[in-house]
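The block underneath contains the structure these notes are about, expressed in structure tokens.
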Amino acid sequence: SATVTAAIVSLGLVVSVVVIGFLVSGPVNRLIENAPQISTRLEQRLTEIRQNFRGIERAAEKLDEITGGGDSPDAPPGAPGAQTPDATLTGTLSSPAPPGQPAQPDQRIEVQVQTTPETSTLASVLNLGPAFVGQIIFTLFLLFFLISSGDLIYLKIVQSFDTMREKRAAYLALREIEDSLGTYLGAITLINACLGVAVGLAMWAWGMPSPFLFGLAAFLLNYVPYLGSVTGVIVAALIALFVYDDLFTPLMVGLTFLALTSFEGQLITPFFVSRRLQLNTVVVFLTVALWAWLWSVLGMIVAVPVLVVIRVLAEHIPGLNKFGNFLAGEAPPALEDEDEDEALDPVPGKA
């Protein structure tokens with residue numbers, strides 16, 4: 001029955017999430033244990049990079065001196081513009097003595113003000129964990145209810161129309177949406193899996209730590225159009241910057257990740273995904289940004305499937321044909337040259 005199928009699918013997804021979490025837990029635990037060493041290494045690399053660009057900083061300082069702008073970078077503590085993490089305030093407290101009694105000596109007080117340390121990046125990421133887990137649980141429950149309902153939603157939508165012709169058109173549109181989503185998600189999942197394997201092997205060839213994590217990250221991030229691949233390139237290049245002593249190897253690691261994702265996005269996906277399911281890149285980017293604001297990470301993942309549904313609906317609703325053409329990703333047909341005089345309607349009252 002539909003309920004059994006929904007339970008099997010939901011449990012399968014839960015098991016998949018647990019297995020992925022178990023595989024990732026080992027490298028993540030090692031990362032947390034080595035956090036002090038990583039922090040030290042990060043400071044060393046930042047110092048080395050800053051020394052490499054020290055000439056540019058000197059030129060900028062000379063330019064500031066010539067133009068007379070900016071404050072001195074070596075301002076003493078307490079000078080305007082200087083920032084101190086901690087401050088100590090001292091002063092005296094005096095109170096008038098009552099009539100007929102000797103004056104009391106002034107009392108010296110000292111107040112120390114300490115700034116609150118900023119939250120670390122790792123702590124910020126860990127704080128997002130409960131919210132992300134809550135989103136996953138909500139999505140699993142929603143998927144379970146959708147699958148267990150079976151054809152109930154189809155029947156409710158079809159029954160909302162009056163004539164048999166409208167009912168048949170609505171049913172065909174729903175079935176086409178189901179087939180299009182299945183085709184799109186199946187093709188994208190297979191392509192992302194191949195991309196994850198390719199990225200993992202490439203990171204292993206470069207000697208990067210935990211190449212499995214890079215492959216898994218590439219598989220998951222590629223569900224988010226454009227932003228996912230850019231994030232993967234930046235993360236891979238930054239990690240390589242801390243692993244290697246030179247700057248050329250991190251650059252090549254980032255370019256390798258970029259080359260694989262670009263090859264997938266420009267050649268593989270357009271070849272295997274049906275032309276009628278390709279979408280306008282500008283619309284996709286704006287939709288991903290909107291759903292990221294509405295529903296965080298999961299919103300970015302469901303943004304494109306929602307666009308696919310809207311695109312298929314626009315093809316079946318006469319009033320939305322132009323909107324569907326706007327969502328389409330293929331090139332529009334060339335404009336034909338027409339005689340402007342024949343295209344214009346004749347002016348009333350003239351022969």
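Below is a table of values for the structure above.
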read-out: Per-residue SASA entry for Ser39, accessible area with 1.4 Å probe, Å² rounded to 10; value: 50 Å²
read-out: Amide H within-cut-off set for Asn280, under 5 Å, with H built and near neighbours excluded; value: Ala328, Gly329
read-out: Solvent accessible area, Å² - Leu313, 1.4 Å probe, full protein context; value: 60 Å²
read-out: Distribution of pairwise C-alpha distances over segment 205-317, 5 Å bins, in %; value: 2, 11, 18, 20, 17, 12, 9, 6, 2, 1, 1, 0
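The values are calculated or read from the model by the stated rules, or taken from the named source; none is laboratory data. Please read these numbers as outputs of a predicted model, since none were measured by experiment. All accessible areas refer to the heavy atoms of the entire protein, side chains included, with ligands and DNA or RNA removed. Shrake-Rupley method; radii C 1.70, N 1.55, O 1.52, S 1.80 Å.
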